[in-house]
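Here's the structure we're looking at; comments come further down.
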Amino acid sequence: MKILVTGSEGFIGKNLQERLLRIEGIEILKFDSNNTLEELEESVKVADFIFHLAGINRPENPEDFYKGNSDLVGNLINFLEKNGKNTPVLITSSIHVDKENDYGKSKLAGENLLKDYSERNNAPVFIYRLQNVFGKWCRPNYNSVVATWCYNTANDIEISINGRDTSIEFVYIDDVIDSIGSHLNEEKKEKKLYYMVEKTYSRTLGEVADLLELFKENRKSLSIPEVGTGFERSLYATYLSYLPKDKFSYELTEHTDARGSFVEILRTVDSGQFSISTSRPGVTRGNHYHNTKNEKFLVIKGEATLRFRHIFSDEIIEYPVSDKKLEVVDIPTGYTHNITNTGDEDMVLVLWANEQFDKENPDTYYLEV
C-alpha cells in the first residue's frame, strides 16, 4: 500500500511517518516544501491513500495563507481528477475555520474544495478539525504555546504568560495519530465528512506553566508530579523532547560516611521514593522499625543478610541475599530489621519506600534486632 504524506517533514507529518514505518507492507511517499508540484502529481498517480497535512500557519504575507492552505488542496484535487483517481484523502484542518481571519478562511476554503471533490467523484474524504496539538517535534516559537514553553523552560529561558486563567483545549500528538491512522483500515463507503480527535485535555495556561516548572525543578528537588497518566504524562514526555543535547543527564547528591553512601534518586507524589545505598564489608545498617511506612530492598551488587525481629518477639528471621539471585525483600511493619554486608566488596542496595521521607514524622524507631 502506497501512502502519500504531504507536509511530511512537519510536526504531524514526522509523527505519522514514525507510525507508518512500523506497519508492514506500507510505502511512504513524501511531499514537503522542498518538492515540486510535478513530484506531487507523480505521487498522486500511484498513491492508495493521501494524508494531506501540509499547510501554512504564520506566513509573512496574508496571501500565503491561501497558497498553502487552499491553493495546494486545489492542485492536489486537479492531479487526482486529471489522472482519473478517486483516492481517499484525509486533511488536517482547524477548529478555527469559523474565524474571520485569513487563516480560518483559507482552511475553510480547502475543506470546501475537498467536499466538492468527494461529491463529484464519490471519493472518501476525512476532514479533521484539530484542536491545539502538542507533542514531540513541534516547532517552538511558531504556533504552539506548549512547544514554545517546553523549549524555553528546558533551555532556561523565561516564559511569558498572558492570562494564567485562560483555558485551552489540547490534544496530544499520539492521540491525533491514532485517530487519523485508523482510517487506513476503513472501507470506502464511509459517509462521515468532519472529525475531531475525541480525547482532549482542558487546562489553563497557568496550570501548564506550573507543571513545566515542576518538571524542571525535579532535577533539584527529586520530586516529580504524577506523570503516569493523562495530560501530565503527555506533557512530561513532550517537555523531555526539548532538553538540550548536552543536558540529558544530571548529578545526584551522594551522602557518605564510614559505613558507605546513600543517594536519593526520585520522589513521587503518591508512589513513594527510590534510593540507592552502598555498604562496606562487615557494615550493618538499620536496627529500626516502622509502624506504617514500608520498604522494599534489592541487593544488586555483593551479598548481605537481612535480619528481622517482631518487636514483641525474640525470634530472629534471616534472609541471605546477593546479586547471584535478584530478589526483592519486603520490610514488614512492626518488625525491627537490619542489613549486613557479608561479602568482601562494597554491597549496593536499591531501596523503595512507599512514602516520601518526612523529617517531622519519619515513622522510624531505633531498636536492635
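The values are calculated or read from the model by the stated rules, or taken from the named source; none is laboratory data. Since the structure is predicted, the reported quantities are computational estimates derived from the model, not experimental observations. We place every Cβ from the backbone using ideal geometry, glycine too, and count neighbours over all the protein chains shown.
Would you confirm whether any residue within segment 70-89 is touching a Gly at 6+ places or on another chain (Cβ under 7 Å), of a type in the set (Gly, Ala, Ser) and within 19 Å of PHE31 (Cβ to Cβ)? Even if it seems obvious, please write down each step before you answer.
So in segment 70-89, the residues touching a Gly at 6+ places or on another chain (Cβ under 7 Å) come out as 70, 73.
Remaining after also requiring of a type in the set (Gly, Ala, Ser): 70.
Adding the requirement that they be within 19 Å of PHE31 (Cβ to Cβ) leaves 70.
Checked against the condition, which is being touching a Gly at 6+ places or on another chain (Cβ under 7 Å), of a type in the set (Gly, Ala, Ser) and within 19 Å of PHE31 (Cβ to Cβ), segment 70-89 yields at least one hit.
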- Message: For the list (1) at pLDDT 95 or above; (2) surrounded by 12 or more Cβ atoms within 10 Å (Cβ to Cβ), I need the number of the one condition that SER202 fails.
- Response: (2)
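Table: residues versus (1) surrounded by 14 or more Cβ atoms within 10 Å (Cβ to Cβ); (2) aromatic (Phe, Trp, Tyr); (3) over 30 Å from ASN155 (Cα atoms).
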site	(1), (2), (3)
GLY206	yes, no, no
LEU214	yes, no, no
SER223	yes, no, no
ILE276	yes, no, no
ARG285	yes, no, yes
TYR289	yes, yes, yes
LYS293	yes, no, yes
LEU306	yes, no, yes
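Can you pull out the residues in segment 241-262 that are surrounded by 14 or more Cβ atoms within 10 Å (Cβ to Cβ) and in contact (Cβ under 8 Å) with a residue 40 or more places away in the chain? Don't jump to the end; show me each part of the working.
The initial filter retains those residues of segment 241-262 that are surrounded by 14 or more Cβ atoms within 10 Å (Cβ to Cβ), namely 241-243, 259-262.
Answer for segment 241-262, where residues must be surrounded by 14 or more Cβ atoms within 10 Å (Cβ to Cβ) and in contact (Cβ under 8 Å) with a residue 40 or more places away in the chain: SER241, TYR242, LEU243, GLY260.
For segment 108-141, name all the residues that are charged (D, E, K, R) and over 30 Å from the mean Cα position of the chain (by Cα). Break it down into steps so the answer makes sense when it comes.
Applying the first criterion (charged (D, E, K, R)) to segment 108-141 yields 111, 115-116, 119-120, 129, 136, 139.
Selection gives GLU111, LYS115, ASP116, GLU119, ARG120.
What residue, of VAL125, VAL227, is without any contact (Cβ under 8 Å) to a residue 24 or more places away in the chain and either surrounded by 19 or more Cβ atoms within 10 Å (Cβ to Cβ) or within 22 Å of HIS96 (Cβ to Cβ) (or both)?
Working: VAL125 fails: without any contact (Cβ under 8 Å) to a residue 24 or more places away in the chain.
Answer to the check: VAL227.
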- Residue among ILE23, ILE28, ILE3 that is closer than 21 Å to LEU72 by Cα and either touching a residue at least 40 places away in the same chain (Cβ under 8 Å) or part of a loop (DSSP other than H, G, I, E, B) (or both): ILE3
- Message: For a quick check of your reading: which strands (runs of 3 or more DSSP E) sit entirely within segment 262-343 and have at least 1 residues that are under 28 Å from ASN218 (Cα atoms) and among the polar types (S, T, N, Q)?
- Response: 273-279
- Taking segment 316-337 on its own, how many of its residues are surrounded by fewer than 17 Cβ atoms within 10 Å (Cβ to Cβ), touching a residue at least 24 places away in the same chain (Cβ under 8 Å) and not hydrophobic (A, V, I, L, M, F, W, C)? 6
- Considering (1) over 27 Å from ASN78 (Cβ atoms); (2) surrounded by fewer than 21 Cβ atoms within 10 Å (Cβ to Cβ); (3) not aromatic (Phe, Trp, Tyr), say which one VAL176 fails and leave the rest. (2)
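Looking at this structure, is LYS115 surrounded by fewer than 18 Cβ atoms within 10 Å (Cβ to Cβ) and either of a type in the set (Val, Ile, Thr) or at pLDDT 90 or above (or both)? Spell out the reasoning first.
Numbers: surrounded by fewer than 18 Cβ atoms within 10 Å (Cβ to Cβ): yes; either of a type in the set (Val, Ile, Thr) or at pLDDT 90 or above (or both): yes.
Criteria met by LYS115.
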